[in-house]
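Taking it in order: structure first as structure tokens, then the write-up.
The values are calculated or read from the model by the stated rules, or taken from the named source; none is laboratory data. Note that the structure is predicted; figures quoted are calculated from it, not measured. Using ideal geometry, Cβ is built from the backbone for each residue, glycine included, and neighbour counts are taken over all protein chains shown. Just so you know, the surface numbers come from the protein's heavy atoms only, side chains and all, with ligands and any DNA or RNA stripped out. Shrake-Rupley method; radii C 1.70, N 1.55, O 1.52, S 1.80 Å.
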Amino acid sequence: MDVKIERTDLRMICDEAEQLAGSTREHRRRIHACPELSFEERATADYVISVLEAEGIACRRIAGTGVLARIEGRGELRRAVVLRADMDALPIEERSDLPFASQNRGVMHACGHDMHTAALLGALTLLNRRRTELQGTLFGLFQPGEELCPGGASMVLKEHPFEGYDVIAMIGEHVDPDLPTGVFGFRAGKYMASSDELRITVMGEGGHGAMPDRLHDPVVAAAAVITALQQVVSRNADSRMPTVLSIGRVVADGATNVIPDRVLMEGTLRTFDETWRAEAKRRVHEIAEHTAAAYGTTAEVAVSDGYPCVVNDPRLTDCAERLIASMFGSEHTVRLELRPTAEDFGYYTQVYPSLFYRLGVGGSDPVAKPVGKLHTATFAPDEEALSYAVAALSSLTLQLLRCPDK
Ligand code: NI
């Protein structure tokens with residue numbers, strides 16, 4: 001897809017984003033100072049609504065503590081683009097001396113969702129002022145609960161907010177401290193992993209550790225189950241399909257001379273393909289149950305479905321990559337590797353043509369002068385990235401909603 005926005009117009013969009021830099025930074029600091037946990041984003045939602053209302057942008061509540069903004073352009077209003085930002089914070093005690101550090105003890109925006117929310121407010125402000133150029137409808141989705149299963153995205157979709165619309169693009173971004181500020185990361189196709197939680201209980205018959213021949217030892221059986229489960233990765237997975245199966249919690253709770261009745265195990269299963277994911281879960285059941293049986297014990301397997309894979313639409317990804325390159329130069333885009341973490345944005349990618357990209361927030365030299373890591377108490381993303389984010393979201397929306405042929 002060719003870039004259809006004139007160079008002079010791209011420059012104007014950058015200028016407009018720059019003019020909004022002060023207010024966008026203010027939004028980010030206000031939200032950063034009052035972080036709220038997943039599905040508790042009440043003050044954040046109230047703040048978002050107050051900003052949208054001051055700009056004359058229509059909005060309503062969605063998925064409990066979420067907010068859905070709507071900007072109508074001209075022409076065929078069924079065509080819709082959705083820009084999505086997540087709003088929740090993490091249970092981490094902030095360790096920074098920033099003047100706008102968290103005022104909510106034990107809660108912190110350590111994953112940059114404050115940046116996402118502020119950037120979306122900035123982009124909606126910019127695009128609302130240009131709404132007559134939009135041929136269709138623009139939605140701004142301020143989503144709750146990305147960090148906590150079942151994920152706000154699944155709750156949003158259950159409400160069918162885009163019924164009657166033809167969503168031509170669902171777009172989300174995430175900060176990346178490993179990329180310098182001003183650099184954007186893209187990956188077409190499979191990008192982030194699915195994530196499922198495994199809980200396996202091996203039940204036998206415990207007793208005196210000195211007389212195992214009279215028992216059905218679930219500890220030895222559980223050890224065999226853990227080892228056998230690695231077959232899912234080494235023997236069942238297509239060797240070209242990255243798959244991770246990790247057991248991170250094992251509770252036997254006997255004693256030096258006591259074999260317990262049961263052993264509990266918990267772990268995670270991650271991969272990058274939905275068909276294989278379903279098959280892998282079946283194999284976990286079979287291997288655990290049959291291995292346990294071979295040891296005279298039984299296994300109860302519970303797999304709770306986590307987030308699906310994030311799969312980017314190749315056409316949208318290409319469009320965004322070219323647009324960023326023509327706006328800032330090709331040195332401002334990088335290709336991303338597969339990422340074994342999960343993101344509830346995956347739910348949208350199953351339904352709509354979608355794009356999830358990375359926004360560099362690492363300052364000018366992330367290696368020499370790091371801004372901290374995601375999900376840590378000292379994470380401090382570079383706020384200069386906000387203008388880049390606003391310009392990117394705005395130009396991408398204009399590219400998609402200006403030209404009827406997409
Ligand atoms: Ni995050």
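Of note:
- For the stretch 183-195, filtering for residues that are among the charged types (D, E, K, R) and not in a strand (DSSP E or B) leaves 1.
- E16 touching a residue at least 12 places away in the same chain (Cβ under 8 Å) and touching a helix residue (DSSP H, G or I) at 6+ places or on another chain (Cβ under 9 Å): yes
- Residue selected from the stretch 87-102 under the condition within 16 Å of the ligand (Cβ to nearest atom), in contact with a helix residue (DSSP H, G or I) (Cβ under 7 Å, 6 or more places away or on another chain) and among the hydrophobic types (A, V, I, L, M, F, W, C), by the criterion farthest from G64 (Cα to Cα): A89
- Total residues in the stretch 161-198, condition within 16 Å of the ligand (Cβ to nearest atom) and of a type in the set (S, T, Y): 2
- Residue check: G122 meets all listed conditions (1) assigned to a loop (DSSP other than H, G, I, E, B); (2) modelled with pLDDT of 95 or more; (3) not β-branched (V, I, T) but one, namely (1).
- Residue among E289, E279, E266, E205 that alone is open to solvent by 20 Å² or more (accessible area, probe 1.4 Å), modelled with pLDDT of 95 or more and in contact with a His (Cβ under 7 Å, 6 or more places away or on another chain): E205
- Of the residues R84, R105, R131, the single one that is of a type in the set (K, R), away from the ligand (no atom under 16 Å from the Cβ) and under 25 Å from the mean Cα position of the chain (by Cα) is R105.
Each row is one residue, and each column tells you yes or no for (1) buried (at least 20 other Cβ atoms within 10 Å of the Cβ); (2) not in a helix (DSSP H, G or I).
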| position | (1), (2) |
| --- | --- |
| G145 | yes, yes |
| V156 | yes, no |
| I168 | no, yes |
| T181 | yes, yes |
| A228 | no, no |
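- For the stretch 349-394, residues that are open to solvent by less than 10 Å² (accessible area, probe 1.4 Å) and either at pLDDT below 95 or more than 22 Å from the chain's Cα centre (by Cα) (or both) total 0.
- Test: residue in the stretch 36-44 that is aromatic (F, W, Y), more than 14 Å from the ligand (Cβ to nearest atom), in contact with a Pro (Cβ under 7 Å, 6 or more places away or on another chain) and in the same structural domain as E163 (by TED's automatic domain parsing): yes
- Test: D253 is open to solvent by 50 Å² or more (accessible area, probe 1.4 Å), free of Cβ contacts under 8 Å to residues at least 60 places away in the same chain and not in a loop (DSSP other than H, G, I, E, B): no
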